[in-house]
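Chemist: Right, I'll just put the structure down here and ask away after.
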Amino acid sequence: MIKAGIIGATGYAGAELAKLLKAHPQVDLLWLGSRSYKGQPYSSVYMNMRKIADEDCRSEDMNELAKEADVIFTATPQGFCASNINKEILESAKVIDLSADFRFKDVNVYEKWYGRTHEAPEYLEEAVYGLCEINRDKIKNARLIANPGCYTTCSILSLYPLVKDGLIDPATIIIDAKSGTSGAGRSAKTDNLFCEVNENIKAYSPVVHRHTPEIEEQLSYAAGCAVMLNFTPHLVPMNRGILVTAYASLVSGVTDADIEACYRKYYEDEYFIRLLAPGQCAQTRWVEGSNYTDIGFITDPRTGRIIVMSALDNLVKGAAGSAVQNMNILFGLPETCGLETFPAFP
């Protein structure tokens with residue numbers, strides 16, 4: 001059994017992790033760490049976990065957790081993992097960080113977009129970006145995994161094959177994305193109150209959203225050159241889900257058959273990616289509660305552009321599910337282990 005612990009277990013992503021790991025047949029979840037609820041029964045915070053996780057929440061001490069666990073998940077705000085990680089922890093346990101602390105190779109990019117000094121830049125080079133479908137071989141032997149963001153997972157998976165094989169002009173990429181409110185976390189914020197969100201949809205952080213450089217960096221690796229794009233997220237009144245609609249100009253002569261073949265080349269054997277029929281639009285309701293990503297496209301011969309539509313659950317494939325998928329790879333388990341939950345509808 002893999003001994004696992006979660007730091008930040010009472011946030012939304014941490015709670016999703018707890019649910020997945022409690023049900024995982026190869027995991028012993030021995031540590032539910034929480035700063036706010038230390039000493040309180042976990043099931044008193046999330047009553048859906050009664051008789052499943054009734055143990056008390058423990059501290060957020062990564063050093064102590066590393067003495068007990070084979071793998072540590074940090075579902076914490078930016079800065080926590082970088083401030084606490086050290087050589088001893090990495091020699092004792094694998095670390096899968098759900099924050100942005102180790103997603104960038106260039107420390108200056110992190111510090112510019114996140115407005116904070118990076119506390120552990122010496123680990124940036126060895127950290128592996130944990131987008132399983134793209135970096136599977138690098139993940140296998142890693143000690144430190146940078147779990148991708150929800151918007152970024154959906155955006156990168158949507159466009160990676162087209163950029164990698166040169167079917168689109170990467171300089172023309174525009175990404176319009178929409179998220180449910182759980183993506184903003186569990187802490188109280190005026191903008192996330194019911195009366196602020198209900199019966200409303202709004203764009204936020206256009207031009208300056210922190211996931212922009214993450215998407216650009218990963219697509220730049222695929223393109224073999226620097227990629228700069230427009231990314232605009234929107235908040236919609238639902239609990240879960242990411243919907244990405246991405247636009248780009250096709251390279252001259254590219255056909256629908258070429259695009260279908262490209263997606264099949266990269267994703268046909270990927271269990272958690274479901275390719276839709278051309279012209280079929282992805283919907284968040286068909287992936288809710290699951291680790292699946294649905295991807296579809298349509299081309300516009302009038303403008304010579306492609307529109308890629310994709311959907312995933314921001315708390316599962318966009319966070320906790322991806323983290324468990326990374327753990328499965330690290331420990332030589334089938335990637336589907338503990339993640340076979342079907343999408344829930346209605």
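The values are calculated or read from the model by the stated rules, or taken from the named source; none is laboratory data. The model shown is predicted, which means the values in this text are computed figures rather than measured ones. In this analysis, Cβ positions are derived from the backbone assuming ideal geometry, glycine residues included, and neighbour counts consider all displayed protein chains.
Chemist: Could you please find all residues in segment 303-323 being over 18 Å from residue 246 (Cβ atoms) and of a type outside the set (S, T, N, Q)? It would help to see each step written out before you state the result.
Modeler: Of all residues in segment 303-323, those over 18 Å from residue 246 (Cβ atoms) come to 313, 315-316, 319-323.
If the condition is that a residue be over 18 Å from residue 246 (Cβ atoms) and of a type outside the set (S, T, N, Q), then 313, 315, 316, 319, 320, 321, 323 are the ones that fit.
Chemist: How many residues, within segment 166-219, are in a helix (DSSP H, G or I), more than 21 Å from residue 259 (Cβ to Cβ) and more than 17 Å from the chain's Cα centre (by Cα)? Before the answer, list the steps.
Modeler: From segment 166-219, those in a helix (DSSP H, G or I) are 170-172, 181-184, 190-192, 194-197, 211-219; that's our starting set.
Keeping just the survivors that are more than 21 Å from residue 259 (Cβ to Cβ) gives 181-184, 190-192, 194-197, 211-214, 216-217.
Still in the list and also more than 17 Å from the chain's Cα centre (by Cα): 190-192, 194-197.
Total satisfying the criteria: 7.
Chemist: Continuing with this model, one more query. Check off (1) of a type in the set (Ser, Thr, Tyr); (2) touching a strand residue (DSSP E or B) at 6+ places or on another chain (Cβ under 8 Å); (3) without any contact (Cβ under 8 Å) to a residue 12 or more places away in the chain for residue 249 and give me the number that stays unchecked.
Modeler: Here residue 249 clears every test but (3).
Chemist: Next up: Within the group 161, 233, which residue is within 23 Å of residue 316 (Cα to Cα), in a strand (DSSP E or B) and either modelled with pLDDT of 95 or more or β-branched (Val, Ile, Thr) (or both)?
Modeler: Values: 161 fails: in a strand (DSSP E or B).
Unique residue meeting the criteria: 233.
Chemist: How about segment 80-98: which of its residues are surrounded by fewer than 20 Cβ atoms within 10 Å (Cβ to Cβ) and either within 14 Å of residue 146 (Cβ to Cβ) or touching a His at 6+ places or on another chain (Cβ under 7 Å) (or both)?
Modeler: 90, the sole residue that qualifies.
Chemist: How many residues are among the acidic types (Asp, Glu) and in contact (Cβ under 8 Å) with a residue 24 or more places away in the chain if we restrict to segment 1-55?
Modeler: Kept after step one, since they are among the acidic types (Asp, Glu), are these residues of segment 1-55: 16, 28, 54-55.
Restricting the remaining residues to those that are in contact (Cβ under 8 Å) with a residue 24 or more places away in the chain gives 16, 28.
The total comes to 2.
Chemist: A follow-up question, please. In segment 236-254, what count of residues is obtained for those that are of a type in the set (Phe, Trp, Tyr) and either part of a loop (DSSP other than H, G, I, E, B) or more than 21 Å from residue 298 (Cα to Cα) (or both)?
Modeler: Residues in segment 236-254 being of a type in the set (Phe, Trp, Tyr) and either part of a loop (DSSP other than H, G, I, E, B) or more than 21 Å from residue 298 (Cα to Cα) (or both): 0 in total.
Chemist: Please specify each residue of segment 175-195 satisfying the condition of being in contact with a strand residue (DSSP E or B) (Cβ under 9 Å, 6 or more places away or on another chain) and exposed (fewer than 15 other Cβ atoms within 10 Å of the Cβ).
Modeler: Quick first cut of segment 175-195, residues in contact with a strand residue (DSSP E or B) (Cβ under 9 Å, 6 or more places away or on another chain) only: 175-181, 183-184, 191-192.
Selection gives 191 alone.
Chemist: Just the residues that are buried (at least 16 other Cβ atoms within 10 Å of the Cβ) and either more than 23 Å from residue 207 (Cα to Cα) or out of contact with any helix residue (DSSP H, G or I) (no Cβ under 6 Å at 6 or more places or on another chain) (or both), please, taken from segment 105-120.
Modeler: 110, 114, 120
Chemist: Name the residues in segment 288-302 that are assigned to a loop (DSSP other than H, G, I, E, B) and touching a Phe, Trp or Tyr at 6+ places or on another chain (Cβ under 9 Å), would you? Walk me through it before giving the result.
Modeler: At the first step, the residues of segment 288-302 found to be assigned to a loop (DSSP other than H, G, I, E, B) are 288-292, 301-302.
Within segment 288-302, 288, 289, 290, 291, 292 meet the criteria.
Chemist: Considering each residue of segment 130-155, count those that are aliphatic (A, V, I, L, M), assigned to a loop (DSSP other than H, G, I, E, B) and out of contact with any strand residue (DSSP E or B) (no Cβ under 9 Å at 6 or more places or on another chain), and give that number.
Modeler: From segment 130-155, those aliphatic (A, V, I, L, M) are 131, 134, 139, 142, 144-146; that's our starting set.
From what is left, the residues that are assigned to a loop (DSSP other than H, G, I, E, B) are 131, 142.
With the extra rule that they be out of contact with any strand residue (DSSP E or B) (no Cβ under 9 Å at 6 or more places or on another chain), the set shrinks to 131.
Number of matching residues: 1.
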